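Asks: Dropping a structure here in structure tokens format, bear with me for questions.
Laboratory data are not the source of any read-out in this text; all were calculated from the coordinates shown. In this text, all values refer to a predicted model and were calculated from it rather than measured experimentally. Quick reminder, even Gly has a Cβ in these numbers, built from the backbone with ideal geometry, and neighbours come from all protein chains shown.
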There are 2 protein chains.
Amino acid sequence: MDEPGKPTDLSYAASGVDYDMLDLFKRECQQAAAATGGALARHGLAEPPKVRGESAYLIELADCYLAHVEEGLGSKNLVADAMLEATGRSFYHAIGVDTVATIVNDVITSGALPIAVAMHAAVGDAQWFAHPARRRDLAAGFAAGCLAAGAAWGGGETPALRGIVEPGAAVLAGSALGRIAPKSLRIAGDVADGDAIILLASSGVHANGITLCRRLAERLPQGYLTPIGDGRGYGEALLAPTVIYVPFVAACQQAGVRLHYAVNITGHGWRKLMRADASFVYRMTALGDPGPLGRFLQAAGPLDDREAYATFNMGAGFAAMVAPAEAARTVALARAAGFTAWPGGRVERQGARKAVVLEPLGVVYEAASLGVR
Amino acid sequence: MDEPGKPTDLSYAASGVDYDMLDLFKRECQQAAAATGGALARHGLAEPPKVRGESAYLIELADCYLAHVEEGLGSKNLVADAMLEATGRSFYHAIGVDTVATIVNDVITSGALPIAVAMHAAVGDAQWFAHPARRRDLAAGFAAGCLAAGAAWGGGETPALRGIVEPGAAVLAGSALGRIAPKSLRIAGDVADGDAIILLASSGVHANGITLCRRLAERLPQGYLTPIGDGRGYGEALLAPTVIYVPFVAACQQAGVRLHYAVNITGHGWRKLMRADASFVYRMTALGDPGPLGRFLQAAGPLDDREAYATFNMGAGFAAMVAPAEAARTVALARAAGFTAWPGGRVERQGARKAVVLEPLGVVYEAASLGVR
């Protein structure tokens, strides 16, 4: 889930992750993958237009679309491991929820609701599972995440990969199968001039920008135990479980509110708002509350507004674009489903310009700043 | 994909992988997962009976079953990395095929045909992708595997996980979405007394027992370059791409041959033949040819027959149980689809006994020797 922010002292470039090389491989994979779509014809199936490059892959059946997502948690579990060592407290229930959340929050951007989720937990040494609370909390949290997403936990894979995974570490990831039924519920990316942008609150950093957060912890004298000002320590705040937004999309579908586009605000922070293919300006007028953790990260980094919103979700974890006449109802539906939500801005056509404007902060991200879709 | 063989000098127990701990976690996951099946009700869906514990998770729709599989390659790519270093030759096209094969060969044991496959490639350092042949071959091999399986390559995830994945290494894995249509094509595990067991040839070790193979390479003076007697070196023979058995199952379905059960012969070797829930004796009378690599592994290990067939596929990578009257036609269908296939044995009811008998070798594996399903 980690993706690059703008280079700073705490930047991803400085952390040695070579995103140029990663992006090159991704592009080569996308080209090779696109050439395989024809294989569906022998099954009497096809992929719908405009599906390549989106967060979920779709296949069209007679009466529904199927969605398929493969996703990974990134390095957030290293924070939980550090907290386990420092405090004896297992945060692995939250990590289990996080792993499911990273997967299912991608599924719903297509309009699909997740129906089955699988876990992949690859460890360097089976002794990783010897800690009872870590092992049990991970399983219980994964199950809780599935239930919150309305999905069955189907299967999984738990290899011990000595020589591939670091001793004492785990790769946490998985996949989901989703369904869009009826097909009219597909979110196909038909953003329109004048659309309202509804924002839903996050619970903290979710699973993004974690490499940067870990580097910051190394520089803090109290590390993950540093108080952030709301009674919580830094590590505890980082490990708040990711919000699962499935019930919001489900509620909109049940109420007949059409989502023109939906964005899981992950890597690239608020720049993700311009993920849709079409060229629009996303003018954000109400950014919401970045929360104690967001403020702490900005102060401790230090990160200016431009850097912070390009890297973290800064309090808003999910966005939906709807017709302006639906804005109030969409917010009400989100709130009724238990989310903090607000009208955050609007979509504007400005010729071929594609940008995200954070009006209250005077920050603008032009299209070139979002390298990958 | 790696699973334990019987402890020997080259055993998995000796390699330090604690399968008790892994199996404990798997069981806890299975319990937690089983409790989530009810989540499907809100979608008007359900999981069919007898699906938990099988290789593919199934969801029942009105006119089909959907299948979902998450799988990993294990450590076979470490052999390819060693060969790349020793010879400059990239075997990553084969590794790409292998990764798809481990996934789709599990999908088809349910009677589902794979329709979408996703790649997960997690590296310790993005520099892993800097080798052009390795990077391109992996993508091309993955695409070729998908096409051989009749599936579209949908999406994927390629994180750089410093501190989790070893520098220079990669976790290769993925997931698939499959479909059984019509529903009558489900392979539900109704093995019957007297069934014929049809075996399909493997291309070598596929992706199983690789940890043991790697340990053996360390003990050989010429390592992976050791000739195995057929003109190939040991490493090259290990890296023969895994056979994709999808066209065999598809051909049986098209011809109306009902498979009572199907087994992807992976970890646990031939003990996997008794994977089905019901209690039967699987009497194998024609084991086929273990090939130059199988013979080399036995001699070099050394591994006696009991150990070798409990760990490796020894020349047979896939098995199907069919009514005896269908045996000849099933073999003919497999051969017409390009596979080497033969009638390997028969299913016998012997009260509550569950065992695999390798008659020509005088080897018997009782049920207790297959710890996990």
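Asks: ³J(HN,Hα) across segment B:158-173 via Karplus (A = 6.51, B = -1.76, C = 1.60, θ = phi - 60°), whole Hz, x for Gly/Pro?
Replies: Whole-Hz 3J(HN,Hα) from phi for segment B:158-173: 9, x, 9, 10, 4, x, 10, 9, 4, x, x, 10, 9, 8, 10, 7.
Asks: Within segment B:245-267, find all residues whose amide N lies under 13 Å from a label point positioned 7 Å from the Cα of residue A:42 along Cα-to-beta-carbon.
Replies: B:245-254
Asks: Hey, what do the phi angles of segment B:135-143 turn into as Karplus ³J(HN,Hα) couplings, whole Hz, using 6.51/-1.76/1.60 and θ = phi - 60°, x for Gly and Pro?
Replies: 5, 6, 5, 4, 5, 5, x, 5, 5
Asks: Sort B:102, A:340 by Cβ crowding within 10 Å, fewest neighbours at the top.
Replies: On the way: B:102 28, A:340 18.
Least crowded to most crowded, the residues run A:340, B:102.
Asks: Calculate the translational D of segment B:173-225 in whole µm² s⁻¹ from Stokes-Einstein, where the hydrodynamic radius comes from the Kirkwood formula applied to all Cα pairs, the temperature is 20 °C and the viscosity 1.002 mPa s.
Replies: Working: Rh = 16.0 Å.
Approximately 134 µm²/s, per Stokes-Einstein.
Asks: With only Lys, Arg, Asp and Glu charged, each at its Cβ (+1 for the first two, -1 for the last two), find how big the charge dipole of chain A is about the Cα centre; round to the nearest 20 debye. Can you show the working numbers first?
Replies: Working: 33 positive and 36 negative charges, 110 e Å.
Here chain A has a charge dipole of around 520 debye.
Asks: Given label points at 7 Å from Cα along Cα→Cβ, what nm distances, shortest first, separate residue B:182 from the same residue in every other copy?
Replies: Going from nearest to farthest copy, the values are 2.6 nm.
Asks: So for B:50, A:272, fewest C-beta neighbours within 10 Å to most, what's the order? Provide the component values of the computation, followed by the final result.
Replies: Values: B:50 14, A:272 23.
The order, fewest Cβ neighbours first, is B:50, A:272.
Asks: Whose Cβ in chain B comes nearest the axis that rotates B onto A, and by how many Å?
Replies: For chain B, the closest residue to the axis carrying it onto A is B:175, 2.
Asks: Still on this structure: Just tell me how shielded B:38-46 is by partners: mean number of partner chain Cβ atoms within 10 Å of each residue's Cβ, no decimals. Intermediate values should be presented prior to the final figure.
Replies: Numbers: counts 2, 13, 5, 2, 5, 10, 1, 5, 1.
For peptide B:38-46, the averaged partner shielding equals 5.
Asks: Treat the protein assembly as shown as a sphere of radius equal to its Kirkwood radius over Cα pairs and apply Stokes-Einstein at 20 °C in a medium of 1.002 mPa s; give the translational diffusion coefficient in µm²/s, rounded to a whole number.
Replies: Numbers: Rh = 26.3 Å.
Translational D for this selection: 81 µm²/s.
Asks: Once the label point is placed 7 Å from Cα along Cβ, list for residue A:350 the distances to the corresponding points in the other copies, in nm, shortest first.
Replies: 7.9
Asks: So for the pair residue B:285, residue B:225, with labels modelled 7 Å out along Cα→Cβ, what separation do we get in nm?
Replies: If labels sit at residue B:285 and residue B:225, their model points lie 4.8 nm apart.
Asks: Could you pull the copy-to-copy label distances for residue B:62, with points set 7 Å along Cα to Cβ, in nm to one decimal and sorted shortest first?
Replies: Label-point separations across copies, in nm and ascending: 0.9.
Asks: Kirkwood Rh, Cα Rg: Rg to Rh for segment B:196-369?
Replies: On the way: Rg = 16.4 Å, Rh = 16.6 Å.
Over the Cα atoms of segment B:196-369, Rg/Rh equals 0.99.
Asks: Quick check on chain B: helices-only [θ] at 222 nm, where DSSP H runs of length 4 and up contribute -39,500 (n - 2.57) each and the sum goes over total residues. Nearest 500, please.
Replies: Details: 10 runs with 113 residues, N = 373.
Mean residue ellipticity, 222 nm, calculated: -9000 deg cm²/dmol.
Asks: What distance in nm separates the two pseudo spin-label positions at residue A:364 and residue B:361, each 7 Å out from Cα along the beta-carbon direction?
Replies: Label-label distance for residue A:364 and residue B:361, simple model: 7.2 nm.
Asks: So if the hydrodynamic radius of segment B:36-185 is defined as the Kirkwood radius over C-alpha pairs, what does Stokes-Einstein give as its diffusion coefficient at 20 °C and 1.002 mPa s, in µm² per second?
Replies: On the way: Rh = 16.4 Å.
Diffusion coefficient, whole number: 131 µm²/s.
Asks: Which ordering of A:333, B:45 is given by a fewest-first count of other beta-carbon atoms within 10 Å? Don't jump to the answer; show the numbers that get you there.
Replies: Numbers: A:333 23, B:45 19.
Final ranking by Cβ density, sparse to dense: B:45, A:333.
Asks: Right, here's the next one. Only Cα pairs within less than 10 Å get springs; with that Gaussian network setup on chain A, which residue of A:87, A:158, A:109 has the largest fluctuation?
Replies: Most flexible of the set in this elastic network: A:87.
Asks: Further question on the same structure: Choose one answer from B:43, B:268, B:93: the residue with the largest mean-square fluctuation in a GNM of chain B with alpha-carbon springs under 10 Å.
Replies: Taking springs between Cα atoms under 10 Å, the residue moving most is B:43.
Asks: Tell me, what are the semi-axes, in whole angstrom and largest first, of the equivalent ellipsoid of chain B as set by the roots of 5 times the Cα gyration tensor eigenvalues?
Replies: On the way: eigenvalues 183, 136, 82 Å².
Here the semi-axes work out to 30, 26, 20 Å.
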